[in-house]
Amino acid sequence: MQLFSENTLDKLNFYQIKQLVKNKCLGSLGQNYIEHQNFISDYDLLQKEINIVHQLKSWIESGHSFPNHGFNQLLFLDKLNIENYFIQIEDFIQLYHNLKTASTIKKSFLKSDTDNFLDLVDIVKAINIPEDVIQKIQHTILIEQEIINEKVSKTLQEIKKQQAIVQQQIYASFKRIVQNYKQKNYLHETEESIRNNRKVLSVLSEYKRTVRGIIVDESSNGNITFIEPEETILLNNELTSLLIEEKREIEKILISLANSVRPYQNEIKSIQQFLTRFDTWQAKAYFAIEHNCTQPILSKEKIIYLKDFRNILLEKHLRKNNQRIVCNTLHLDTNNRILVISGPNAGGKSVVLKSVGLIQCMLQFGMLVPVEEGSMMSTFKNIFIDIGDEQSIENDVSTYSAHLLKMKYLLENADANSLILIDEIGVGTDPTLGGAMAEAILSFLHEKLVLGIVTTHYNNLKIYAAQTKGMQSAAMAFDKQKLSPKYELQIGQPGSSFTFEIAEKVGLPKAVITLAQQKTGENQKALDQTLNDVQIEKHYIKGLRKNVQQKESQLSNIVQDYEKLKKELEKNKKQLQKSYEEKLLQFYNEQSRKLENEMRLWKESQSKKEDFIKIRKNIDEQREQIEQKIIEKEKKQVLNNSINIGSKVTMINGSETGEVLAISNKKATVAFGNIRTTVPLHQLENHSTEQEKKVYKIERNSKTIIEKSSFENTLDIRGLLVEEALQTLENFFDKAMIYNLHQVRILHGRGTGALRNYARIPKKYPYTKKYYFEKEEFGGNGITIVELN
C-alpha cells in the first residue's frame with residue numbers, strides 16, 4: 001500500500017521528479033525499482049537510506065567512479081534449475097558484467113576511507129562475489145567478440161579448422177566459376193550474392209538454363225536468377241554440416257558452463273538485489289549533484305525547518321528563460337504547527353505550499369532535497385492536500401462542495417502524524433460565510449496537532465493565526481513601487497492582498513478603482529494600510545540584518561586568514577629544518593658515489609678490499625644514523641600529539657580503537673566499544689590517520705640498500721662487441737664486490753667462444769674464488785658461474 005495517495009503525488013508534481021531519477025538509472029534493475037518504490041515512514045530506515053545517498057554523492061564528488069554497465073535484469077536465472085539447459089552467450093556476458101560490476105564496486109569501497117562511507121562499506125562487505133564464476137565465464141567466452149573461446153575445446157578447434165579449409169575450397173572454386181561465366185557474359189554486374197547462407201551466382205535469367213546448378217531464388221523483377229553452381233554444392237553441404245557440428249559443440253560448452261554457475265544461484269540473486277539498490281542510490285546521488293540537493297538533519301520530533309528551499313521543477317522552468325528562482329525559509333514545529341500565508345494573487349503562496357509538500361515527498365522517497373545544509377525534517381504517515389478546483393459536472397459537485405468533501409475527509413483522518421497543505425481554504429462561496437467556515441475548520445485541525453500550511457485572503461484567518469498559540473502568520477512580499485510580487489516569504493505578520501494596486505497595474509479604469517475604495521469600509525482600508533506599513537518596516541529591518549551578517553562574515557574571513565597564515569609559518573619552519581637534514585644526507589650519498597669511482601684505483605691491489613669495505617660500512621652507518629634521526633623525529637612529531645578527552649586512541653601494539661572519556665593522574669579512562677578501562681597515558685597512542693600511517697611506513701632511502709635490492713646477479717653480454725663486453729663486465733664485478741655477493745652468472749652463449757673467453761675476466765680480480773660452466777640442462781657452456789670470496 002502506497003503511503004501517500006496518487007492524487008497528492010500528482011498535485012505536487014512528484015511523478016516528474018520520479019521520472020528524472022529513473023532517467024539517471026544505469027539499467028533496468030534500478031528503473032524497475034524506482035517505478036515501484038514505496039515511501040519510507042520509519043525513522044531508522046529513512047536515516048540509513050539518505051545516509052547512503054549522501055555518502056555516494058560525496059564519493060562521486062571526490063572524483064571516484066564505477067562501471068556504467070552491469071545493472072540489467074538477468075531473466076534467465078530461474079531457468080538454471082532446468083537440467084541440461086544452456087544459457088545463450090549474450091546472457092552469460094550480461095551475467096559476467098553484473099558480477100564484475102559488483103566485484104569492482106566492492107573492491108573500490110573496501111579500499112576507500114571507511115570512516116566517510118560506513119553504511120556503504122557495511123553493505124559491500126556482506127556481498128559474496130563468486131570470483132570463480134567470473135573467471136570461468138571469462139575463460140570460456142571472449143567477452144569483447146561475444147563468441148566462444150575455441151581454446152576451451154579441442155573438438156571445436158578441429159571443427160573450426162575444417163571449416164576454414166572448406167571455405168577456402170569454396171572460395172577458390174567459386175572464383176574460377178565466376179571468371180568462366182563472366183567471360184561468357186552470363187552474369188549480372190553484381191556477379192555473386194548470398195542466399196540462405198550459401199554463395200550463389202547472379203545469373204541473367206536468359207542464361208539460367210545454361211548454368212549448371214540449383215536455382216535458389218529470383219530477383220523481384222525476374223531479371224536475375226540466383227544459382228548455386230554444381231561445383232560448390234557438395235562443398236557447401238559439407239560446410240553446413242560443419243556449422244551444425246559447431247553449434248552442437250557450443251551447446252555442450254554452454255551446458256557445462258551453466259552447470260558451473262548453477263550452485264551459485266543464491267549468491268547471484270543477492271548480487272542482483274545489491275545492484276538494484278546501488279543503481280537507485282547512484283541515480284539519486286547524481287540527481288542531488290545536478291540539482292544541488294543536500295541531506296537534512298532527520299528528527300524524531302515533528303519539525304519542518306527548510307533553509308533556503310527551492311522547487312526543482314520551477315527552477316528548471318525559470319532557468320530556460322534565464323531567470324533565477326527565489327529561495328525561502330520556513331520553520332514548523334510543535335510550538336508553531338500551522339503557518340497561514342497571505343498576500344497578493346500570483347505572489348507565490350501556492351508555490352511555497354506545493355514546494356514544501358514536494359520536498360517532503362522527496363525526502364521520504366529516500367532522496368536528498370533542495371535546501372541548504374542545517375535544515376531539519378521529520379517523517380509523516382500522511383500528507384493531506386487540497387489544491388485547485390475539483391468541481392465535477394458529471395457528479396453535480398460544485399467548487400465549494402468539492403472543497404468541503406476534502407475537508408470532511410481531512411478532519412476524519414488527520415492526526416499529529418499528518419502534514420496538511422490547503423490552498424485558499426474556504427473559497428467558492430460567500431466570503432463572509434466561507435471565512436467563518438474556514439476558521440472553524442482550521443480550529444479543529446489545530447486541536448488535532450497537525451503540522452501544515454494554509455493560504456488565504458480572508459482577514460479573519462489572518463487575525464486568528466496572529467492571536468492563536470501554535471500558529472503563525474506569513475506574507476508574500478510585494479514591491480509597492482513596481483507593483484509586482486517579490487516571491488519572498490516573510491514570516492511573522494499577515495500580508496495585504498494589494499487588491500487595488502494590482503487592479504491599477506492591470507489597467508482597470510481609475511473610476512472603477514475609486515468607487516471600490518469608497519465602498520470599502522474604513523476599517524478594511526486601515527487594516528490594509530497597516531499591513532503595508534508592517535511589510536515596509538520589516539523589509540528595512542531585513543536590510544539592516546543583512547548588513548550585520550555581511551560584517552560578521554568579513555570578520556570571520558579575517559580570522560580564517562590569520563589562522564591560515566599561522567599554519568603556513570609553522571609548516572615553513574618544519575620544511576627548513578627537514579631540508580637541512582636532507583642536504584646532510586645528500587652529502588653522504590655523494591661521498592658514497594665518489595668512493596665507488598675510486599674503486600678502480602684499488603682493485604688491482606689484493607690488500608685493499610677489506611679497507612674499502614670498512615670505509616664503505618662507515619659511510620653507510622653514518623647515513624643510516626641520519627636517516628634514523630629523521631624517521632624518529634617524524635615519529636615523535638606524530639606520537640607527541642596530545643591525547644585529550646574525546647581523542648581516538650589505540651593501545652601501543654594494539655588494533656582496537658577507543659575513545660578517551662576522562663584523564664586524571666597521567667591515566668585515561670577509555671571506552672573500547674562497550675568496555676571501559678583505565679590505562680596509563682604512556683601506553684596509549686593517537687589513532688593513526690592516513691598521514692600518520694605514512695610516517696610509520698617511511699622507507700630508508702639508503703642508496704646502497706636500494707641498489708642492492710634491485711641488482712641482478714646475472715649479466716647478459718650476448719650481442720655485445722668485445723670492448724663493450726669488457727667494460728660491462730668490469731662494471732658488473734665492481735658492483736658485485738661492493739654488494740658482497742657470493743655468486744654471479746655470466747650469460748655469453750656458445751657462439752664462436754670469443755665472449756666465453758672474455759667471461760673469464762674475473763680471474764684477474766683478487767677476490768675471485770673459482771669459475772665454471774653451468775650444468776648442461778640449465779645452459780651448459782653458454783653460461784659461466786663465478787664464485788666470489
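The values are calculated or read from the model by the stated rules, or taken from the named source; none is laboratory data. Here the structure is a predicted model, which means the values were calculated and not measured. Cβ sites come from the backbone with ideal geometry, for glycine too, and all protein chains shown count toward neighbours. All accessible areas refer to the heavy atoms of the entire protein, side chains included, with ligands and DNA or RNA removed. Shrake-Rupley method; radii C 1.70, N 1.55, O 1.52, S 1.80 Å.
A simple packing score, the average count of other Cβ atoms within 10 Å per residue, orders the peptides 117-128, 284-295 as 284-295, 117-128, with the highest score first. Beyond 14 Å, the tail of the calculated P(r) for the stretch 15-68 holds 67 percent of the Cα pairs.
Just the number, please: Stokes-Einstein D of the stretch 37-121 in µm²/s, Kirkwood Rh from C-alpha pairs, 37 °C, 0.692 mPa s. Please report the intermediate quantities before stating the final value.
Working: Rh = 15.6 Å.
Translational diffusion coefficient: 211 µm²/s.
State whether the stretch 1-156 is rounded, prolate or oblate according to the following rule on the C-alpha gyration tensor (a ≥ b ≥ c being the square roots of its eigenvalues): a/c under 1.5 gives rounded; otherwise a/b larger than b/c gives prolate, and the remaining case gives oblate. List each step's numbers first, then the result.
Values: a/c = 2.50, a/b = 1.64, b/c = 1.53.
The shape class here is prolate.
Every pair of different Cα atoms in the stretch 117-167 enters the Kirkwood calculation, which places the hydrodynamic radius at 14.0 Å. Between Ala440 and Lys551, the simple spin-label model (points 7 angstrom out along Cα→Cβ) gives 5.4 nm.
Accessible surface for Met437 stands near 90 Å², nearest 10, in the context of the full protein assembly shown (1.4 Å probe). In a reduced charge model with +1 at each Lys and Arg Cβ and -1 at each Asp and Glu Cβ, the stretch 114-202 shows a dipole moment near 1180 debye about its Cα centre.
Cα-Cα over 31 Å: which of Lys48/Lys551; Lys125/Lys252; Lys106/Lys302; Lys354/Lys469; Lys349/Lys448? Violating the 31 Å limit, Cα to Cα: Lys48/Lys551; Lys125/Lys252; Lys106/Lys302.
Rank these by accessible area, largest first, 1.4 Å probe: Glu246, Glu723.
Details: Glu246 25, Glu723 155 Å².
Greatest to least solvent exposure: Glu723, Glu246.
How large is Rg over Rh for the stretch 232-282, taking Rg from the Cα atoms and Rh as the Kirkwood inverse mean of 1/r across Cα pairs? Mind showing how you got there, number by number?
Values: Rg = 20.1 Å, Rh = 14.3 Å.
Reported Rg/Rh (Cα atoms, Kirkwood Rh): 1.41.
Given a 1.4 Å probe, how much area per residue of the stretch 1-116 is accessible, in Å²?
Accessible area per residue, the stretch 1-116: 51 Å².
Defining a contact as two alpha carbons under 8 Å apart and six or more residues distant in sequence, what relative contact order in percent does the stretch 1-124 show? Intermediate values should be presented prior to the final figure.
Values: 78 pairs, mean separation 31.3, N = 124.
Computed over the stretch 1-124, the figure is 25 percent.
Directionally averaged projected area (the stretch 173-312, Cα convex hull): 19.4 nm².
Between Thr678 and Asn572, the simple spin-label model (points 7 angstrom out along Cα→Cβ) gives 4.8 nm.
In terms of accessible area, using a 1.4 Å probe and ignoring ligands and nucleic acids, Leu298, Leu726 rank largest first as Leu726, Leu298. Diffusion coefficient (Stokes-Einstein, Kirkwood radius over C-alpha pairs, 20 °C, 1.002 mPa s) for the stretch 205-247: 183 µm²/s, rounded to a whole number. Which shape class, rounded, prolate or oblate, goes with the stretch 422-478 when its Cα gyration tensor gives a ≥ b ≥ c as root eigenvalues, a/c under 1.5 marks rounded, and past that a/b bigger than b/c marks prolate? Here the stretch 422-478 falls in the oblate category.
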